Every structure is written in C-alpha cells, then in structure tokens.
Protein chains: 6
Amino acid sequence: MARILVINPNSSIACGAGIAEAVAPFRFPGGPSVDVVSLTEGPPAIYSWRDWHAVVEPICRCIERETANCYVIACASDPGINAARAVTRRPVLGVFRAAVATAMARAERFGVVAIVEASKARHLAALRAMGAEGRLAAEIALNVSMDALLDVTAARDGLIAAARACAEAGADVVILGCTGMSHHRAPVEAATGVPVIEPCQAAAAMALGVAGASVTFDVPPHGANR
Amino acid sequence: MARILVINPNSSIACGAGIAEAVAPFRFPGGPSVDVVSLTEGPPAIYSWRDWHAVVEPICRCIERETANCYVIACASDPGINAARAVTRRPVLGVFRAAVATAMARAERFGVVAIVEASKARHLAALRAMGAEGRLAAEIALNVSMDALLDVTAARDGLIAAARACAEAGADVVILGCTGMSHHRAPVEAATGVPVIEPCQAAAAMALGVAGASVTFDVPPHGANR
Amino acid sequence: MARILVINPNSSIACGAGIAEAVAPFRFPGGPSVDVVSLTEGPPAIYSWRDWHAVVEPICRCIERETANCYVIACASDPGINAARAVTRRPVLGVFRAAVATAMARAERFGVVAIVEASKARHLAALRAMGAEGRLAAEIALNVSMDALLDVTAARDGLIAAARACAEAGADVVILGCTGMSHHRAPVEAATGVPVIEPCQAAAAMALGVAGASVTFDVPPHGANR
Amino acid sequence: MARILVINPNSSIACGAGIAEAVAPFRFPGGPSVDVVSLTEGPPAIYSWRDWHAVVEPICRCIERETANCYVIACASDPGINAARAVTRRPVLGVFRAAVATAMARAERFGVVAIVEASKARHLAALRAMGAEGRLAAEIALNVSMDALLDVTAARDGLIAAARACAEAGADVVILGCTGMSHHRAPVEAATGVPVIEPCQAAAAMALGVAGASVTFDVPPHGANR
Amino acid sequence: MARILVINPNSSIACGAGIAEAVAPFRFPGGPSVDVVSLTEGPPAIYSWRDWHAVVEPICRCIERETANCYVIACASDPGINAARAVTRRPVLGVFRAAVATAMARAERFGVVAIVEASKARHLAALRAMGAEGRLAAEIALNVSMDALLDVTAARDGLIAAARACAEAGADVVILGCTGMSHHRAPVEAATGVPVIEPCQAAAAMALGVAGASVTFDVPPHGANR
Amino acid sequence: MARILVINPNSSIACGAGIAEAVAPFRFPGGPSVDVVSLTEGPPAIYSWRDWHAVVEPICRCIERETANCYVIACASDPGINAARAVTRRPVLGVFRAAVATAMARAERFGVVAIVEASKARHLAALRAMGAEGRLAAEIALNVSMDALLDVTAARDGLIAAARACAEAGADVVILGCTGMSHHRAPVEAATGVPVIEPCQAAAAMALGVAGASVTFDVPPHGANR
C-alpha cells in the first residue's frame, strides 16, 4: 500500500498535531497511508533564514531513513526541497508550492497571509523558483507567534482582515502561509467569501494524485539532483 | 456527501470512458463521489477554436442543471472556464490548468504532448492566463487522431519519443495534453524515466482537496464573474 | 476595388450606427469601401463570457458568406479572433488589438476605459495574447449601460474622470474600451489633454494599410488556424 | 486640411524616393496630404549608433520649422523619437514602432529582416521601449548595402529566404526592417505566404487614423517631454 | 600603468569637480591612474533627450583622441554608451549602469533619486537595456537645479526625504541619480539607515576591477559595435 | 583602516590560495585590507544542495566572530547570503552576484562557465533572486573536478571552448562560474576575444567601492533580515 510521509521540520508537537489534523480528511479506506512526523532535531519554528538552512540536513536524513511513495515537506517556506529531491527517487512536494499551484489552478491572482514579515522573503524565493511571483496580488504578515496561530480563536480576526486585504488587492483566493492553521480555513472563507487554501491539505490532495494513480513511483525526476 | 462532477465536453463515448477510467482511482469509500458526464450536444472532439467556443454554452447549461461541490471541465484546452465560473458559486477546475499547476509543484520546467499542432495555441492561451508560459520547456504535437490515442498501443511510441524530446528540451515532468490517455501514463513514465502527469487525474486529486476538506463550498470566488 | 468589412457582433442597431459613424472618415474616393454589418443573431451587447463565446459562431458564418479584403471584428473584447482567422485567408483585425497596437506606437504606457467591471478580464486576455499587459497603466470601469455610452452627453463626465485617472496612473494615451463611443473621443481629449484612441477608428486606419497597400490579400497568415 | 509629414532622416535621394513610393497609396482625395522630406544634413544612411544619434538634432529642427498634424520619422531604427516628441505637441510616429504595432495587431509573433547585423541592437532598443521584445520570433540580417535593397531585384532572394527563416522560427508576419523596400513587400509575401509589413506604409496608415479622425491635434501627449 | 578615464560629458566645471572628488578615494599608490575630463563642447547639463543625443559625438571624439584602459561616461543617463563601445576596443562603463549593477549585487530592490522628472525616462531606458527595470522599487525626482545639488546643504533634506520614500516603496538601497552629489552620500545614508550608492564611485570601483586585474585590455567586447 | 573579509566556505587549502591570488591585485597601500579565510568546518567543495545548505551556519558564525567593513562570500553559488545579511549590519557580497552585476554593467547578455552540471540550478536561483535570468545567454558546464580547475593548464581548452560556445549563444562577456580560477581569466580572454569576469575579482573591486568610499559602514541594509 502506498505511503505518503508528511515531514514537519520543526520540533513543535502542537504544530505537528495541527498538520495531522489538516491532512486527516485525506486518509481514505483503501487509499495511501498519510503519516506525519516531526523532526526532533528541528528548531521550535522556522523564523529565520538560518533556521531555514539548518533544517535541511535533518529533512534529508529523515527521507533517507523512511520509505515512502511521496514525501511532503510541511513548512510553508519549503526548506530544502532541492536537496530533498536529490536524495530520493520518489516525488517530494513542498506544501507552499502545492498551495501556490492549487491557487493558480483556481484563480489568476492569489494572496498569502504570512505569520511574520520575515517569511515574505522565503515565500518570494519559492514563488520565483516556480515562476509564479507575477500572480501574487499581495502578501500580508500577521506578525504573531506560532502559538497565537495554533490557538483556535486568538488570531482569527487578524486572519480575516488580512484575507480581505488580499482580496482588495486583487486576489481571488488566499493561501494560509504557515502550517498548523487548518482550523482557520473554513471560518476565514465563510467570513470573507474568498476561497482559502491550506497548504498541507493542498499538498495532501496532490500527493494522493501522485501516490494513488500509479503502482510504481520510483521513477526519478529527470533533473532531481540539479 | 460531496460530489465531484467531471464534464467531458465532447460527445465521444470512448473518450468519456477513458476519462472515467482515469479518475476511478480517486473514488474512495467515504470520500466524495466522482461522476463523469459526456455532453451529447458537444462535437466528437475539440479540434478547432470554433469547437472550443461552441462547447461553452453546453458546459454552462450542464453546470446549471447538475448540482456538485466541485466541477471539472475535462478537455485539455479548458474551454469556457471563465464562463463556467460565472454561472456557479462552486469551484470549477480545468484539467489542463490542474495538470500545469501540478507540474509546477513538482518541477521548475515542464513539457506538454499535444494531440495536434492546433492544440498548442489553446494550451498557450491557458498558460498565459495562469502566468505559466515561462516554464513550458517544449510542446510536441503527435498529430494523430483521438482514436489512435485512445487505442492502448497505437500511439505509444510517438508518445514516448515526444516525452523524451520534452525532457531533452529541459522538462523535468511531462503533461499529457489530451484527455482519455491515462493508460499511457505509467508506460511512458517507465520508458522515459520522466514523471508523467495525466490531466484528469491531476484535476481529480485537486478536486478531492477542494471538495473533501470543507463542508460548505458555496463560497464564490471573489472575481468569479470577471 | 478593395472592401473592408466591419462586423458588429451584437444586434444593437444604435451600436452599429455608432460604429458606422466612427469609421466614416476612413471612406475615401478611390479607397477601399468600408462596410459595417451588425449580426442579428448576436446578443444586444457583450456583457459576459457566455455572450463572448456565443457570438463566435455567427462571426465565423458572416465571414464565410461575405467576401472582403480585410475583416474587422468591432467589439472591444475581440471575440473569436482566432476562430475567425481560421475560416478565411484574408486578414482579420480586432478593434481592441488595433487600439492597443496604436497606443503602443504612440506611447510607452496606456490606459483603458471599460464599460463595466466584467470587461476587464476580457481585455486582459487580449493584452496577454498580444504580450502587452505590461504596458497597461490602469483600466477604469464606468459601470454604465451601453445606452448611456451611446448618448452624446450622459457618460461624458465619467469618461473624462476615468481618462484623468488613467493619466495619473502613468498612461500617456487612453483607449476607449467599448465601441460606439467615437463621439466622445475629441471632447475627452480636449478636456484632459491626453490623446484618446477610438478602437474602430484605429482598426479602420490599420485596415486601410492592409487593404490599400496591396492588390492581393488572399495570402494566409502562416499560423492562421492555430 | 490635415498634413502628414514623413521625414527621411538620411540624405539619400533614392531612399527618399522609395519612401515616397511606399506612402503614395495613402494619399486620397479629401484626405490628409502626405509629404516626404529628406534631411540634407543627414548621413547617406544610418548604419551606426553614431549616425543614429547624429540625425536627432536635424530631425528636431525639421519638426520645429515644418507645421504638420502628424510627423513620421521614416528610418527603421526610430532615431530621436523621444527628443522629437518633446519639441512638438503634435503626434510623432516612428515607422519601426508603427510596423511592430501593426504586426502585434495581426499576429502573436513576428519576425524582422534587417539590412545589417548592427541594426539589430537598435531594433531591440525600440522593441524594449515598446515592451514588445517577447514577441520577436527572429531577426535575420541581410548584410547588404542600401543600394542593393533599393534595387528591384538584387536582394530579392535574400529577402525571401530571410522571411522564410522568420516563419520557421515561429513568426506569423514579417517586418521589413529598413525603409525604401516597399517594392519588395508584395513579391516576398507572394513567394512565402507570410504577410509582410512595410514600415512606412504601416506608419502612413496609422497617421491617417491619427490625422484623419480629429480636427484638433495640438493636444500634447501627457508625458511628451519625459 | 593602467589609466581610467572618467568623462564628464557636460561643460560644467563645478560638476567635473564634484566627479573628481567622488572618484578621488579610488586613486591608490601603484594602482591605475584615474583622470577626469569635462567636455567643453558639451551642454551645461543634460536635461533633455536632445542634450542626451548631442553629447554623443563629443564623447566618441574624446575616446578617439584619449588612450585609456577603461573609459567611464560620467553622466547618470549613460549617454552614447553603445556608440562609445563601437569606437574603442577598451571597456566603456556608464556610471548609471555601474550603480544599478552594484545595487543589484547588494539588494533585491533599489530606488533612484533623480534630479528632474525628465531624467526618469532616460533611467528607464538604461534599466531596460540592462533588464533591470523589474527591480526598481521607486524613482523620486527632486526637481531642483544642478547648482542646488552641487551645494553641500541646499538639497539635503529633499534627498533624505526621497531616499526614505524609496525605502518605504521597498528599496533596500538607493542610487543617487545624478553625478556630482558624492558629498551627499554618507549623510543621506546616516540619516536614513539605507545604503546609498554614488554612481561615479560605483563605476570607479568597477573600473579598478576591469583595469587592475589584467595587463591587456585591448580585447573587444564580442558585440561592441552592435 | 577598513577591512574586507573574503570567506572561502569550503575547507580546500588550494581553493583558498586561488582566491587569495585572485584578490591580491586589490590590496593597495593605504587601501582597505583584504583578508581571505577558509572555513575548516566546510566541505572540500560545494557540489550539492546539501553542501550548499550545510555551509551556511559556519559562514554565519565566521561573520559573528570576525569584524570587517565588508564581507565577501567566496563561493560561486553565493551560499547563505540572506542568512549572512541577517547576522551583521555590514555589507555582505556574494561573488556570483558581484560577477553577474559586473557583467550586466558591461554588456546586455552574458554567459557562465560552470564546474559541473549541478551548479546550474544554484546559479539560476541566484540569477532569479537578482532578476537577471533573462540576460543569461548560455551556461556551459565543464563537468570536471575542482582539482582540474585549479591546475594551470588541465582544463584550459575546455574553458576556452565553453567561453566560445557562450559567445556564439549571444554572450558578450563570460563569467567564470567557480572560484579559484583566476589564472584562467586572461588566457581565456586572449584566446576568445571575449571579456572574462572572475567572480572574486569582481567582488573585491565592488568591496573596495563599498568599504573605501565611506568611513561608516555599520548602516544596515533596510531589509537585511527579510
């Protein structure tokens, strides 16, 4: 049976639990297993470029020791995605790229709600790698702690305001730019009338397509080690 | 229970069957239903711009008369996607956009294998609408009939050669640029070592994400009627 | 003698008359005839994507039954231009593309005044097809009915305000983004000091160049049926 | 009566005669006068950047001393167009920009046939100023003298081969990238099946639109002196 | 010993002195000589496109009569850089291009402070020639005379306000868009906390790299005369 | 006295020596000191994305413990440049970005000679961060070991062939895409007639501009920690 491995590169148990909750609807009888692991070697959260580089080695080691049909890196700055793709012949998805791709399939312009100002530069790097920066209508930073985001209500009003600001800037869908926020998705959508994309869910659905539509996935991406 | 409606805008029974076969792996116990309809008012296939415009009114009428949580337009030139989005508040996916988005999540550059030369202009229009034309490494036309494509072996060698040509031009994944070809996906992938994306499967997986992660989908895209 | 056929794809007699008035200055003794036809099968106006697709078949049939040296599709969203180019070997111009091209010859950045918000998406699609979206300084929608626009004075102040807003956003010329408004051109230009381009006139002048400079026009564009 | 002044910035009498021949079909009874002047202070031809800069002052002086409703700079590298626009409130067209704009209205990609290799950099500068470089399929230099081009037959075969090479590179129309070649337009079109745009004719038709559709043209472009 | 020749294309003695002051720190014992010449044939300042074209011939003649290992055109609109590169096989730098390049090495987005509104169009042309216009966060014009700029304090507050406005628009570094302002660099940097790039200094440092790292510089750029 | 610190992030003594040789011409009496350090914690060379991430922490620690007016990261894939800029208020240059910037100041299109195929993806990421990918004419990989490159003659012919291939693809200058190759610069330039840019030298010259033109450099880039 196919296995999808979702890697939370930080060491936060609460964040890992939020990711697990997000991807739970994608576990189907007869479908691929969807497992979530948190990296105990990782930092509590990825707030800086230094954190972003530091989690790459743990991610690569995790992929080397765990067998899966599809790996998902569950941090909204997609750390180490190129490095990870070079250590396995199986597909590796990043949740931010999956969310952006889903946004591009649903609308011409999208917005992103970031946890802190400093996340924007990492999102921008991912958007450039995808060739998608031209379709970012706006990115709004909440500038809150991850604990606030993980709380069911604490950051809700800020999220709704940020989603509305994205829509006013021309976004037709909004991406939650941090993991562990899936409990906010439906309420923000309901409050704003703007479709909201949760990155782990976007990646889980895409992983089902990758892992569920084929029996053999050990085919390497042509340019994996580039 | 959520329902995903996959609309084959042409009247070809064989093509509709091919689409149904492609999306079958995405029907899970407890998951959304995935129904496929072919439009009897549609042309046998969509070979020209005139065909492409002509199927829009039947697609819109189909959406108006059928209730679903997510609609999928299953023709690789995404006909009428803007018109369809203006007649429903539920999400509408086009299989080509879904395939391109999936390709962009998996690699920096992708190739497309088209059924005929004339398809390229319609694919290009969709890529421009997405802002994704810069990542098209190459598009190769097979210049065969749809009957040849639906056959299990007839066009296989041509497909493999086209996928290889895309890879040589820099594509790290290849998109099958026509529906009803899912039987070719795994063999072409195996022969070339290049991941192959089948558009109906990419859209079905994405539709699971859209329809399966939320209880209410009657939230309109902000700019749906633009 | 060469013949330029200007096709008004809607069924509005008043709109057809406005178009005829716009192109009248381009009928010269010894020059090509400039004929205007309105399509009785067309909708009263093109307000939606569904209308936009629906007029394509009537436009194609009109071109098939009428002989001309150059065809002009006189709706500012250029409906069916690719389809039309595939049914004739003679040149087919769209008035919006002709206006944008003229704007690009006269200035580095241009603005567009649209009749309604929903027109913007169709203009954007045409700009992308031309590769010209980067030079759109602003598009302002008047959100009025076509009847108001056809009136000599009703929408005048709104037009002037919109043209000024385009200029403030960096536009050095402004395009009237709807047909039948040629009576507004000179007054808006005079009031704002910004050159104003009327699409039917831009296309008529360009058609003179195409139809008047050559004796044989049955040369197909190389990629006409793409 | 409106007057269109076509300025040949070089001192070649033969070249000026070729330009006059090109624009002759655009003189209509009751239409604007179309006058051609050659600048005796100009160089025999514009082969270098130094020539290109040197003709700007003579062009500006010509515009200052001659009254017209629309000025056309008839050299395919559009020398001094910004400077010229700063010395008059009347519209100034460059023949290359007019040809490129016409090409963009007729097709998605175009080719250019240049007289010499060194012309390409000047054409590229004009394309960038227009935002149109993305639609240049190919530019082919003939590397002949202007005398050869002015001859009715001398460079014909080279032109046909260059136009074909442009079409093979994806051009759907071809621009003659030098003035005085209008006698080659129809034969190259006939030989290749690719529409051919002659810059002076494209500009003359556009000038008719500018000068013929309005009684007052002393309205300055908003950013004329930028 | 290598020689760097810095050419001030205007005839202002004060401006030439300001340039000499700017580049003085780049004269090192044992390093290349750094000479500054002002062109007596040039205009007092380069305020218009006409001025911009008129200084090209004097610049070319200066390069023809003066021997150097590297030439620097010291006007922030880089007049005649292509023409200059065609008259010598030695490297020719423009101070604006050198400043922009330095800005791109230091940050992702930069701002420019222009002397007058009309400078913006010339800066934009240079940015397009470099392919760098996408990274211009903002350009703010001071709209003062060059005399005011050359004064140590007169324009200081305006400069600081303009640099702050650039930073607010997203610039991480700011370029002084006129020569002769090096005395403003450190104070503006200190007042705003934003790194400030002085074009003549950026070019002088780059010229040291070009002239100091090699014994032979008579190697032509491949496309110098294009 | 100002100090420029050049950080070789790999542990190769030979590579560090090559870098020291490259920057030696930029040590002037009275000018800033130019010190080179190699990181003993670094890998022997940076061949993979994993290496690229792994050197970031050592680079950051080096900057934290060493005082300098300007830091230069001397690896042609610019590892950790964003992270480094967040740990110091002094300027941080990457040698690849400095080389690309210098190339853009000298010509419109450039080529890169890479040590191995896998370097291309890292160069591309840097080019995208700069907004410069549109000006890369070609990148050619030598696919040799670093030892071969450090040898005076071993890879010379391959380098010359690669530089020629870049020039044929339209490059007017060529960048050596690896450090420690400065001994190849002049010979390749002499053999090909194409200017060759050595990244450490380009960065050293630029660092002189940054460190030599100001007394105070503790001004943070505005967005350093983004």
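The values are calculated or read from the model by the stated rules, or taken from the named source; none is laboratory data. Computed from a prediction, not measured in an experiment: that's the story for all the values here. When we count neighbours, we look across all protein chains shown, and the Cβ atoms used for this are built from the backbone with ideal geometry, even at glycine. The protein model used for the area step is the full one, side chains on, heavy atoms only, and it has no ligands, DNA or RNA in it. Shrake-Rupley method; radii C 1.70, N 1.55, O 1.52, S 1.80 Å.
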Evaluate 2.2 N^0.38 Å with N set to the residue count of the range E:62-102, then give the Cα radius of gyration divided by it. 1.10
Highest first, please rank the peptides C:188-194, D:51-57 by the mean number of other Cβ atoms sitting within 10 Å of their residues. D:51-57, C:188-194
Taking each residue of A:98-104 in turn, how many C-beta atoms of other protein chains fall within 10 Å of its C-beta, and what is the average? 6
What residue of chain B sits with its beta carbon nearest the rotation axis taking B to D, and at what distance in whole Å? B:134, 6
Pairs of alpha carbons in the protein assembly as shown whose separation is greater than 55 Å (percent): 21
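Solvent-accessible area per residue for chain A at a 1.4 Å probe radius, Å²?
Per-residue value: 31 Å².
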Shielding by partners, peptide F:150-160 (average Cβ within 10 angstrom, other chains): 0
Positive dipole terminus of chain B, leading residue within B:72, B:182, B:131 (C-beta point charges): B:131
Return a whole-number percent for the relative contact order of the range D:4-119, with Cα pairs under 8 Å and 6 or more residues apart as the contact set. 26
Taking a temperature of 4 °C and a viscosity of 1.567 mPa s, what whole-number D in µm²/s does Stokes-Einstein yield for the range F:1-145 with Rh from Kirkwood over alpha carbon pairs? 82
Taking amide hydrogens as modeled 1.01 Å from N in the peptide plane, which residues meet the under 5 Å criterion relative to residue E:72, leaving out close sequence neighbours? E:5, E:6, E:7, E:93
From the residues A:107, A:5, A:23, which one has its Cα farthest along the dipole of the range A:1-145 in the positive direction, the dipole being from +1 and -1 charges on Cβ of Lys/Arg and Asp/Glu about the Cα centre? A:107
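Treating the beta-carbon of each Lys and Arg as +1 and of each Asp and Glu as -1, no other charges, what is the dipole magnitude of chain B about its Cα centre, to the nearest 20 debye?
About 560 debye.
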Let's test the formula: R0 of 56 Å, r as the Cβ-Cβ distance of residue F:17 and residue E:37. What FRET efficiency results, to the nearest 0.05? 0.85
Heavy-atom accessible surface that C and D bury in contact, both chains counted, 1.4 Å, Å² to 100: 3900
Got the residue E:67 label distances to the other copies yet, label 7 Å along Cα→Cβ, in nm, shortest first? 4.7, 5.8, 7.5, 7.5, 9.1
Loop trypsin sites (Lys or Arg not before Pro), the range F:33-115 (other Cβ atoms within 10 Å of the site Cβ: 16 or fewer; DSSP): F:89
Through the Karplus equation 6.51 cos²θ - 1.76 cosθ + 1.60, θ set to phi - 60°, convert the phi angles of the range B:141-147 into ³J(HN,Hα) values in whole Hz; use x for Gly and Pro. 8, 7, 6, 10, 7, 5, 4
Calculated FRET efficiency, residue C:161 and residue A:153, Cβ-Cβ r, R0 41 Å, to nearest 0.05? 0.40
Could you tell me what percent of the accessible area of chain A is made up of carbon and sulfur, with a 1.4 Å probe and every protein chain present? 53
Calculate the spin-label point distance for residue A:1 paired with residue C:89, positioning each point 7 Å from the Cα along the beta-carbon direction, and give it in nanometres. 6.5
Placing unit charges on C-beta atoms (Lys and Arg positive, Asp and Glu negative, everything else neutral), compute the dipole magnitude of the protein assembly as shown about its Cα centre in debye, rounded to 20. 0
For the range B:38-89, what is the convex hull volume of its Cα atoms per residue in Å³? 76
Take the alpha carbon gyration tensor of the range A:75-221, find the square roots of its eigenvalues, order them as a ≥ b ≥ c, and report rounded if a/c is under 1.5; if not, report prolate when a/b exceeds b/c, else oblate. prolate
Number of partner chain Cβ atoms within 10 Å, mean per residue of B:83-91: 3
Inter-copy distances for residue D:30, nm, shortest first, label points 7 Å along Cα→Cβ, are 1.3, 7.7, 8.1, 8.1, 8.5
Give or take rounding to whole Å, what are the principal axis extents of the alpha carbon atoms in the range D:70-142, in descending order? 35, 26, 17
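Mean 1/r over all different Cα pairs, inverted: what Kirkwood radius does the range A:138-188 give, in Å?
11.1
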Consider just the alpha-carbon atoms of the range C:97-184 and return their Rg together with their Dmax, both in angstrom. 12.2, 35
Could you work out how far apart the two model spin labels at residue F:143 and residue F:66 are, taking each label as a point 7 Å from the Cα in the direction of the beta carbon, and quote it in nm? 3.5
Could you pull the copy-to-copy label distances for residue A:190, with points set 7 Å along Cα to Cβ, in nm to one decimal and sorted shortest first? 4.8, 5.9, 5.9, 7.4, 7.8
Once amide H atoms are built 1.01 Å from N in the peptide plane, which residues 5 or more positions from residue E:112, or in another chain, come under 5 Å H to H? E:138, E:139, E:140, E:175
Please state, as a whole number in µm²/s, the translational diffusion coefficient that the Stokes-Einstein equation yields for the range A:1-81 at 25 °C and 0.890 mPa s, with Rh defined as the Kirkwood radius across alpha carbon pairs. 191
